[in-house]
Amino acid sequence: MKLKTFKIGGVHPPENKLSANVPIAPTGVPKQVSIPLSQHLGAPSDPVVEKGTAVKVGTLIARKGKAFISANIHSSVSGTVVKIDDVPDSSGYRKPAVIIKVEGDVWEDSIDRSPDLVKEIKSDRDAILQKIEDMGIVGLGGATFPSHIKYMVDDKRKADTLVINGVECEPYLTCDHRLMLERTEEIMVGIQIMMKAAKVDRAMIGIESNKPDAIQKMQECAKAYKGVEVVPLKVQYPQGAEKQLIKALLNREIPGGKLPLDVGVVINNVGTAFAIYEAIQKNKPMVERVVTITGKNLKKTGNFLTRIGSPATMLLEALGETLPEKTTKIINGGPMMGKAVNSLDIPITKGTCGFVLVDESEALRAEPDFCIRCAKCVGVCPIGLEPYRLEQLSNRQNYELCEAESITDCIECGSCSYTCPSCRPLLDYIRFGKANVMRIQRERRQK
Amino acid sequence: MNTVMLYSVLTLGIVAAGSAIILFVVAKKFRVDEDPRIDEVTALLPGANCGGCGNPGCRGLAEALVKAADKGDISGLKCPPGGNDTMAAIAKLLGLEAGEMVPMIAVVRCGGSLEKAPKKVDYNGPNKCAVSVALFNGESGCPYGCVGLSDCVAACVFNAIYIDPVTHLPVVDEAKCTACGACVKACPRSIIELRPKGKKDRRVWINCVNKEIGAVALKNCKVACIGCGKCVKACPEKVQAITMEKNLAYIDTNKCISCGLCIPVCPTGAIKATFEPPAPKPKPQPEKEQKSEPNTENAAQ
């Protein structure tokens with residue numbers, strides 16, 4: 001049978017899913033956490049605690065900001081707030097965070113910590129939406145878009161399908177893969193809740209065919225649930241991007257500047273489905289997430305259930321390893337879209353999918369050469385842009401033409417940089433130009 | 001054969017004559033009178049088209065000057081590279097008074113050389129400050145310091161700025177800098193500032209723009225301003241040129257008398273001057289010394 005995929009562009013980097021067979025293990029509780037106030041897309045949250053406040057696991061520490069796009073943040077440990085101070089985030093710039101000293105591990109009484117599966121959905125739609133908002137659920141695929149906004153469907157903007165993203169097309173990362181294997185039932189109940197929230201009766205789960213065990217388990221489990229379909233997909237990067245996944249599953253194209261809801265689709269990650277299950281059925285806010293730590297020089301690799309805000313060094317400690325000497329680059333996220341970090345002393349946030357340790361042979365970029373006009377970048381761009389041209393325009397700071405060439409439609413997948421035979425840093429310049437064009441557009445809107 | 005020739009010559013002749021008449025009428029009717037002074041003023045300007053005056057090129061400034069001259073006041077317009085001499089010549093041509101301009105120079109306010117702010121990580125991306133700054137905080141870890149990827153060098157049309165190969169910091173060539181401000185705009189971290197050249201080229205500035213608290217700033221750079229406030233106290237009472245804001249001192253060029261008293265008191269050596277600073281004075285005799293200091297220093301030079 002021919003597997004579905006998206007039609008334009010795409011690449012297939014070596015998968016290197018080293019940690020695919022390692023079960024999810026908890027890292028334990030750190031001594032101190034620093035929970036950044038801005039770990040979602042949109043406005044930072046406003047802290048509601050101050051120095052000396054005692055908190056439990058699940059206590060609200062920052063309320064969503066006044067802006068439309070923002071999310072609540074909860075304490076992931078129990079203890080006392082030491083201070084609200086600036087700590088370096090993954091880019092090295094210092095951003096405000098709540099620093100909590102851990103004392104014991106006391107959870108809020110309202111949270112159901114039993115491992116039993118709760119199948120029956122008692123809450124009605126309004127209660128579900130309110131809870132998703134209150135529990136600070138954001139999309140766990142990487143963009144950390146606050147989830148409650150996605151489910152704001154009404155008569156004018158109706159959805160007919162819920163798409164669940166289990167693709168995990170980034171090389172190395174395996175956190176979604178493990179989640180699908182180990183929390184299958186929970187994800188299915190989560191999907192039922194999401195279908196109720198989005199007012200749809202059809203859900204499609206897209207999983208790439210390099211995870212046959214996950215496909216099989218999800219398919220078996222889906223039989224018991226009405227309207228849920230698991231679709232195996234051909235392995236191709238960037239299939240996990242929402243536009244590409246919707247194209248692959250439903251053959252619908254989202255026009256530039258529009259959202260999935262404009263073509264009648266609500267889309268979320270499997271991790272989010274699990275988080276929504278826990279929020280609604282177990283009353284548990286987003287205080288933990290699964291993070292992969294992997295690399296060819298590590299003796300062991302792992303998938304860990306980690307408290308939000310714990311330092312990334314904890315992952316290495318949990319593995320029982322130290323940083324390999326050969327490590328030249330540490331990537332926060334997958335190797336295609338992730339960003340290199342200065343050190344592992346950064347807090348894990350809601351958007352951290354994993355860390356990849358890369359040695360010298362793979363870390364360093366080759367010296368960029370001249371563009372030879374081979375148009376390979378045009379061929380692999382899944383959006384159909386012309387990366388070589390956008391790079392030039394962005395370098396010359398010609399933002400008007402950048403905008404005319406739809407630079408804001410770039411999903412920053414990095415396929416162009418990956419494929420370029422001259423090793424040109426195409427994506428770096430496009431990201432730079434895109435940020436500037438978006439700033440100009442924002443300023444224009446404010447006028 | 002002859003008729004063919006005759007007709008073609010005739011047709012072309014009529015077309016030519018017709019076009020000539022149309023062109024003549026159009027040229028008369030839609031004639032745009034350009035002030036001849038614009039060309040004259042353009043000839044007087046340096047012709048570098050640097051944009052330092054805020055107009056699109058030298059002709060843009062010339063047009064603005066002539067327009068302002070019709071209103072009777074050109075004192076608001078300046079040509080930074082041309083300086084006072086150019087403006088005086090233009091003013092003479094236009095028959096007006098030119099505004100007096102303080103000669104300025106670009107000053108790089110960062111001392112984070114390779115030695116003082118050692119590299120913690122290696123950057124492995126495109127050679128462009130603006131791109132690098134958007135990605136991370138810099139190789140030394142200072143989120144305010146120079147990243148040394150030479151956006152300012154690329155922006156300078158006068159070749160007046162270069163990156164020192166030893167320190168990896170930009171250096172301004174005083175003889176060539178015209179204070180057009182292109183590097184100021186190009187620097188993504190706003191390190192470069194235009195400051196008055198000062199009397200006899202004496203100027204003092206805080207060689208740091210780091211707003212972090214002292215301990216954090218010092219971790220990344222040995223010559224960072226730590227916001228201790230010693231320079232504020234050292235500044236003579238009548239002058240009070242130094243202000244402290246967000247852990248960062250700033251010397252107000254309008255008030256500063258370039259005495260250099262703040263330089264020896266700085267614990268990290270973050271204050272820089274174009275002249276030899278006075279030796280640190282013993283405590284008992286501060287007031288008299290402070291008052292007489294600027295005069296004696298000036299006289300010595």
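For (1) touching a residue at least 40 places away in the same chain (Cβ under 8 Å); (2) more than 13 Å from chain B (Cβ to nearest Cβ); (3) among the small types (G, A, S); (4) touching a Phe, Trp or Tyr at 6+ places or on another chain (Cβ under 8 Å), each residue gets a yes or a no:
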position	(1), (2), (3), (4)
A:N398	no, yes, no, no
A:E403	no, yes, no, no
A:S406	yes, yes, yes, no
A:D409	yes, yes, no, no
A:C413	yes, yes, no, yes
A:C420	yes, no, no, no
A:L426	yes, no, no, yes
A:Y429	no, no, no, no
A:F432	no, no, no, no
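Residues that are open to solvent by 20 Å² or more (accessible area, probe 1.4 Å) and over 21 Å from A:E288 (Cβ atoms): does the range A:343-357 have at least one?
Yes, some residue in the range A:343-357 is open to solvent by 20 Å² or more (accessible area, probe 1.4 Å) and over 21 Å from A:E288 (Cβ atoms).
Only one of (1) within 14 Å of chain B (Cβ to nearest Cβ); (2) open to solvent by less than 60 Å² (accessible area, probe 1.4 Å) is not met by A:R439, so which one is it?
Single failed check for A:R439: (2).
Residue by residue, here is whether (1) more than 14 Å from every other protein chain (Cβ to nearest Cβ); (2) within 20 Å of the chain's Cα centre (by Cα) holds:
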| residue | (1), (2) |
| --- | --- |
| A:G256 | yes, no |
| A:N268 | yes, yes |
| A:K282 | yes, no |
| A:L305 | yes, yes |
| A:P311 | yes, yes |
| A:P324 | yes, no |
| A:I330 | no, yes |
| A:K339 | no, yes |
| A:L344 | no, yes |
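So is B:I226 modelled with pLDDT under 90, in contact with a helix residue (DSSP H, G or I) (Cβ under 6 Å, 6 or more places away or on another chain) and open to solvent by 20 Å² or more (accessible area, probe 1.4 Å) or not?
Here the answer is no, as B:I226 does not meet what is asked.
Please go through the range A:362-377 and give me each residue that is among the hydrophobic types (A, V, I, L, M, F, W, C) and at pLDDT below 90, ordered by number.
A:A363, A:L364, A:A366
Quick one: how many residues across the range B:20-42 are open to solvent by 80 Å² or more (accessible area, probe 1.4 Å), free of Cβ contacts under 8 Å to residues at least 40 places away in the same chain and in a helix (DSSP H, G or I)?
Residues that pass the stated criteria total 8.
Do we find that A:I128 is farther than 30 Å from A:K339 by Cα and of a type outside the set (D, E) in this structure?
Working: farther than 30 Å from A:K339 by Cα: yes; of a type outside the set (D, E): yes.
It is true that A:I128 is farther than 30 Å from A:K339 by Cα and of a type outside the set (D, E).
Checking A:E321 against (1) of a type outside the set (V, I, T); (2) at negative phi; (3) surrounded by fewer than 15 Cβ atoms within 10 Å (Cβ to Cβ), which test does it fail?
(3)
Within the range A:392-423, work out how many residues are surrounded by 23 or more Cβ atoms within 10 Å (Cβ to Cβ) and touching a Pro at 6+ places or on another chain (Cβ under 6 Å).
Looking only at that region, the number is 2.
When A:K156 is evaluated against the numbered criteria (1) part of a loop (DSSP other than H, G, I, E, B); (2) buried (at least 19 other Cβ atoms within 10 Å of the Cβ), which criterion, by number, is the only one it fails?
All conditions are met except number (2).
So which residues in the range A:363-391 are without any contact (Cβ under 8 Å) to a residue 24 or more places away in the chain and either within 14 Å of chain B (Cβ to nearest Cβ) or of a type outside the set (A, V, I, L, M, F, W, C) (or both), if there are any at all?
A:R373, A:E386, A:R389, listed by residue number.
Would you say B:K197 is open to solvent by 30 Å² or more (accessible area, probe 1.4 Å), modelled with pLDDT under 90 and more than 14 Å from chain A (Cβ to nearest Cβ)?
Yes: the conditions hold for B:K197.
Just the residues that are more than 11 Å from chain A (Cβ to nearest Cβ), open to solvent by 50 Å² or more (accessible area, probe 1.4 Å) and polar (S, T, N, Q), please, taken from the range B:103-159.
Hit for the range B:103-159 is B:N159, nothing else.
Report, by residue number, each residue of the range A:25-56 that is outside any loop (DSSP other than H, G, I, E, B) and either buried (at least 20 other Cβ atoms within 10 Å of the Cβ) or of a type in the set (D, E, K, R) (or both).
A:V33, A:S34, A:I35, A:P36, A:D46, A:V55 - these are the residues of the range A:25-56 that are outside any loop (DSSP other than H, G, I, E, B) and either buried (at least 20 other Cβ atoms within 10 Å of the Cβ) or of a type in the set (D, E, K, R) (or both).
On the basis of being small (G, A, S), at positive phi and open to solvent by 60 Å² or more (accessible area, probe 1.4 Å), does B:G54 make the cut?
Here the answer is yes, as B:G54 does meet what is asked.
Check A:G334, A:G320, A:G295 and return the single one that is closer than 29 Å to A:M194 by Cα and in contact (Cβ under 8 Å) with a residue 12 or more places away in the chain. Before you say what the answer is, go through the steps one by one.
Details: A:G320 fails: closer than 29 Å to A:M194 by Cα; A:G295 fails: closer than 29 Å to A:M194 by Cα.
Checking each option against the conditions leaves just A:G334.
Quick one: B:T274 ticks every box in (1) surrounded by 14 or more Cβ atoms within 10 Å (Cβ to Cβ); (2) modelled with pLDDT of 90 or more; (3) not aromatic (F, W, Y) except a single one, so which number is it?
(2)
Evaluate the range A:201-219: report whether one residue or more is part of a loop (DSSP other than H, G, I, E, B), modelled with pLDDT under 95 and open to solvent by 50 Å² or more (accessible area, probe 1.4 Å).
Yes, the range A:201-219 has at least one match.
What are the residues in the range B:70-85 that are within 21 Å of B:F158 (Cα to Cα) and surrounded by fewer than 19 Cβ atoms within 10 Å (Cβ to Cβ), if any?
Result: B:G83, B:N84, B:D85.
How about the range B:209-233: which of its residues are of a type in the set (A, V, I, L, M, F, W, C) and either touching a Lys or Arg at 6+ places or on another chain (Cβ under 8 Å) or within 14 Å of chain A (Cβ to nearest Cβ) (or both)?
Matches in the range B:209-233: B:V209, B:I213, B:A215, B:V216, B:A217, B:C221, B:V223.
Is it true that some residue in the range A:90-98 is outside any strand (DSSP E or B), open to solvent by 40 Å² or more (accessible area, probe 1.4 Å) and away from every other protein chain (no Cβ under 14 Å)?
Keep residues of the range A:90-98 that are outside any strand (DSSP E or B), which gives A:90-93.
Retained after the next criterion (residues that are open to solvent by 40 Å² or more (accessible area, probe 1.4 Å)): A:90, A:93.
If we keep only those that are away from every other protein chain (no Cβ under 14 Å) as well, we get none.
No, there is no match, as no residue in the range A:90-98 is outside any strand (DSSP E or B), open to solvent by 40 Å² or more (accessible area, probe 1.4 Å) and away from every other protein chain (no Cβ under 14 Å).
Identify all residues within the range B:210-222 that are open to solvent by 20 Å² or more (accessible area, probe 1.4 Å), among the hydrophobic types (A, V, I, L, M, F, W, C) and not in a helix (DSSP H, G or I); write none if there are none.
Hit for the range B:210-222 is B:I213, nothing else.
For A:K17, indicate whether it is in a loop (DSSP other than H, G, I, E, B), touching a residue at least 12 places away in the same chain (Cβ under 8 Å) and either touching a strand residue (DSSP E or B) at 6+ places or on another chain (Cβ under 9 Å) or β-branched (V, I, T) (or both).
Yes; evaluated as a whole, the condition is true for this residue.
Go through A:T294, A:T328 for me and flag whichever is in contact with a helix residue (DSSP H, G or I) (Cβ under 6 Å, 6 or more places away or on another chain) and part of a strand (DSSP E or B). Walk me through how you get there before you give the answer.
Details: A:T294 fails: in contact with a helix residue (DSSP H, G or I) (Cβ under 6 Å, 6 or more places away or on another chain).
Sole residue among the options that is in contact with a helix residue (DSSP H, G or I) (Cβ under 6 Å, 6 or more places away or on another chain) and part of a strand (DSSP E or B): A:T328.
Please go through the range A:113-147 and give me each residue that is more than 20 Å from the chain's Cα centre (by Cα) and in a loop (DSSP other than H, G, I, E, B), ordered by number.
Across the range A:113-147, the qualifying residues are A:R113, A:S114, A:P115, A:D116, A:L117, A:V118, A:K119, A:E120, A:I121, A:K122, A:S123, A:D124.
Just name the residue that is nearest to the other protein chains (Cβ to nearest Cβ) out of those in the range A:346-361 that are touching a strand residue (DSSP E or B) at 6+ places or on another chain (Cβ under 8 Å) and either free of Cβ contacts under 8 Å to residues at least 40 places away in the same chain or among the aromatic types (F, W, Y) (or both). Reasoning before the result, please.
Step one: filter the range A:346-361 for residues touching a strand residue (DSSP E or B) at 6+ places or on another chain (Cβ under 8 Å), giving A:346-360.
Now restrict to residues that are either free of Cβ contacts under 8 Å to residues at least 40 places away in the same chain or among the aromatic types (F, W, Y) (or both): A:355, A:360.
On the way: A:F355: 15, A:E360: 11 Å.
Out of the qualifying residues, it is A:E360.
The values are calculated or read from the model by the stated rules, or taken from the named source; none is laboratory data. This one's a predicted model, so the numbers in the text were calculated from it and none came from an experiment. In this analysis, Cβ positions are derived from the backbone assuming ideal geometry, glycine residues included, and neighbour counts consider all displayed protein chains. Note: areas computed on protein heavy atoms with side chains; ligands, DNA, RNA excluded. Shrake-Rupley method; radii C 1.70, N 1.55, O 1.52, S 1.80 Å.
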